[in-house]
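Here's the structure we're looking at; comments come further down.
Just so it is clear, none of the values below were taken in a lab; they were calculated from the coordinates. Keep in mind the model is a prediction, meaning the values are calculated, not measured. Every residue, glycine among them, receives a Cβ derived from its backbone with ideal geometry; neighbour counts consider all protein chains shown.
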Ligand SMILES: Cc1ncc(COP(=O)(O)O)c(C=O)c1O
C-alpha cells in the first residue's frame, strides 16, 4: 500500500456526523439516500433571492428528483413545478402543486397524453414542434366543445437556436413563428411565450448572460409575447471550483427585462442546481483488495442505484469518516460484475476496511431519478434529515419489485 497524497489536499468532508450516519444506517439499512432539508432550503432561498425581477416564477424541474417530500419543500418555499413529462405533472399534483403553477415544457406526447395534461388543468405549455402545437390546439378545442376544459391554455414554444445551442433536437426555429401563430389563432388561442434551454450542467455564467439579448430579441418577434421561460441548465460545482453565479445572472437578466417597454413574466426552472447538493448516498464497504498500489473497494451499491461517471458521465465526490492521513489511489466498485460498475475511479481514499461507510456526495439531481433495475438490484431507501430528525421518504425495495408486472 502506498500513500499517494496527503489527505488535507483532496478530501471533502462528509456532510453530517459519523454518529448520525451510523444511526441512519442502523435504522434504514444500506445503501441509503439521505437528503438534508436545511441545505435544500438554503439553496432555494439563494436562487430565489438572486433574481430580483418581481414577476419571476421559479419552477423546480422535477425531472431531476421526483420525491414527493422534496417537491413539497419546493412548494412550501413558493416555487411552482416544471414538468418534462405527464409523469412529472402527476407527481406534482400528488405533491400538492396547483395545476396553474405547473409549467409543461416537453416533447412528443400522443393525443391521449395531451388530453390528460389539459384535463389536469395545466395552463402553461411550451411545445416542441408545430405538430405538437397543432395537437394541443385540436385537443383544447375538442375539450372545450365538450365543456371539459376551463381556462384557455397559455401557449409557448421551445426555441431552437443552432447559433446558441448547437445541433439540438429540441424546439422550433423563429422562421416557423408565423405558422405557429396562425395555428394557435385558428383555435382561438394566443402564442404568448418562448422557452429557452441552454443545455444541462452549464457551469459558465457567461454562457447564459451572453445570450440574454438574443433571446429577448427573438421573443419580441411574437406580437402577443407575455412570458419568457429561461430554463433550466444551470450547472452545479461537483468538483468544487467556480460555481454558476446566480447573483450575476439574476442581476443581468433583471436589468435587461426591466428595459422592456412592457412587463413580461419570467419563468426560471432550475433542476440540478437546486437539488444536487442536498443529498448523499451512503454505502458500506463489503470487500477490499489491492492491485499493486491501487486499492479496489467493493461497496453495497451499484451504478444502477445512481447515475455515475462510468455510465452517464459526470463526477461525484466520494468521502469517508476514516481519518487516516495516508491516501491511496482507489477504485470504488459496485456490487455487480458489470464491467462499468464503478462508483468512482482513481479516487484518493485512506485504506478502508470491510464495514466502513462511504458517502457519495451531491447526488440529489438525476440520482434516484435515473436509478433503474438494470443489474436487478432493488433500489435504496430515501430519508429526509430535518432539524436533526430523520424520516423515511421512500421505502427500500426488495426482490419482489423484480417480479412486479411480470406475467408468468
Ligand atoms: C425543459 C427543461 N427544463 C429544465 C430542465 C432541468 O435541467 P437542469 O437540471 O439542467 O437545470 C430540463 C432537463 O431535462 C428540461 O428539459
* the chain: radius of gyration over Cα atoms, expressed as a fraction of 2.2 N^0.38 Å -> 1.08
* To do: With a 10 Å radius around each residue's Cβ, average the other Cβ atoms per peptide and rank 364-373, 35-44, highest first.
  => 364-373, 35-44
* Asked: Roughly speaking, what is the stretch gain from residue 112 to residue 326, that is 0.36 nm per residue apart minus the C-alpha to C-alpha distance, in nm to one decimal?
  -> 71.1 nm
* Structure fact -> For the range 98-270, the Debye formula with one identical point scatterer on each Cα and no solvent gives log10 I(q)/I(0) at q = 0.18 Å⁻¹ as -1.15
* To do: Compare the peptides 121-132, 156-167 by average per-residue count of other Cβ atoms within 10 angstrom and give them in order, highest first.
  => 121-132, 156-167
* Structure fact -> Extension length gain for residue 339 and residue 46 (0.36 nm per residue less Cα distance), in nm, is 101.4 nm
* Asked: Normalised by the residues of the range 37-184, what does the relative contact order come to in percent, with Cα pairs under 8 Å and at least six apart?
  -> 16 percent
* Asked: Measuring from label point to label point, each 7 Å out along Cα→Cβ, what is the residue 19 to residue 206 span in nm?
  -> 4.8 nm
* Asked: Using a simple spin-label model with points 7 Å from Cα along the Cα→Cβ vector, what separation in nm is obtained for residue 256 and residue 141?
  -> 3.6 nm
* To do: Between the alpha-carbon centers of the range 339-408 and the range 230-250, tell me the distance in whole angstrom.
  => 26 Å
* Packing-based ranking, highest mean first, of 291-304, 189-202, 246-259 given that Cβ atoms within 10 Å are counted -> 189-202, 291-304, 246-259
* Structure fact -> PRE zone check, label point 7 Å out along Cα-to-Cβ of residue 287, amide N under 20 Å, scope the range 23-38, hits 30-32
* Structure fact -> Within the range 240-265, the residues whose backbone N lies under 12 Å from a label point placed 7 Å from the Cα of residue 213 along the Cα-to-Cβ direction are 256
* In whole Å, what is the distance between the alpha-carbon centres of the range 17-86 and the range 115-177? -> 28 Å
* To do: Ratio to report: Rg/Rh of the range 1-110, with Cα atoms as the point set and Rh obtained by the Kirkwood method; give two decimals.
  => 1.11
* To do: Apply the Kirkwood formula to the range 172-262: the hydrodynamic radius equals the inverse of the mean of 1/r over all pairs of different alpha-carbon atoms; give it in Å with one decimal.
  => 14.7 Å
* To do: Take every Cα pair under 8 Å in the chain that's 6+ residues apart, average their separations, divide by the length, and report that relative contact order as a whole percent.
  => 21 percent
* To do: For residue 27, put the label point 7 Å out on the Cα→Cβ axis and report which residues of the range 371-399 keep their amide N under 13 Å from it.
  => 382-394
* To do: Only Cα pairs under 8 Å and at least 6 apart count here; give the relative contact order of the range 98-270 as a rounded whole percent.
  => 18 percent
* Asked: Taking the Cβ-Cβ separation of residue 173 and residue 100 as r and a Förster radius of 45 Å, what is the calculated FRET efficiency to the nearest 0.05?
  -> 0.95
* Compute the distance in nm between two label points, each set 7 Å from the Cα along the Cα-to-Cβ direction, one at residue 130 and one at residue 395. => 5.1 nm
